[in-house]
Amino acid sequence: MSNGLLADDLWTLTIVTVFVVLAVLPTLIALIRGADEILLIMLVNALCCATVIGWPAALVMAIKWPRKHPRPAQPRHVQSSLPRIQNQHTRRVIRGQIE
């Protein structure tokens, strides 16, 4: 009888843990992304989590909200259309004299 009670308790704990993680998922996403207005997202998540509209709204805000520190743009390899400078006419300066 005690084994069945322990198994029921584990299932109950697992289900409650899954629901808690799902409930705070928008807040976790906002924290990981470093979104602006994290407190607003947390407030919407906490106050409107049980509603049909509030939780998805908080999730969308957490995913789409701009970041505090945007990622730097990746440099693109741009090939210059300018001709390369030829080294034929270079001069050297040696001790103040031009060769």
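The values are calculated or read from the model by the stated rules, or taken from the named source; none is laboratory data. On a predicted model such as this, the values are computed, not experimentally measured, just so you know. Positions of Cβ are backbone-derived with ideal geometry, glycine not excepted, and every protein chain shown enters the neighbour counts. Ligands, DNA and RNA are stripped out before the accessible areas are found, and what is left, the full protein with its side chains, is counted by its heavy atoms. Shrake-Rupley method; radii C 1.70, N 1.55, O 1.52, S 1.80 Å.
Miscellaneous remarks
- Some residue of region 36-49 being open to solvent by 80 Å² or more (accessible area, probe 1.4 Å), under 19 Å from Trp65 (Cβ atoms) and touching a Gly at 6+ places or on another chain (Cβ under 8 Å): yes
- Residues of region 29-54 classified as touching a residue at least 12 places away in the same chain (Cβ under 8 Å) and within 19 Å of the chain's Cα centre (by Cα), total: 11
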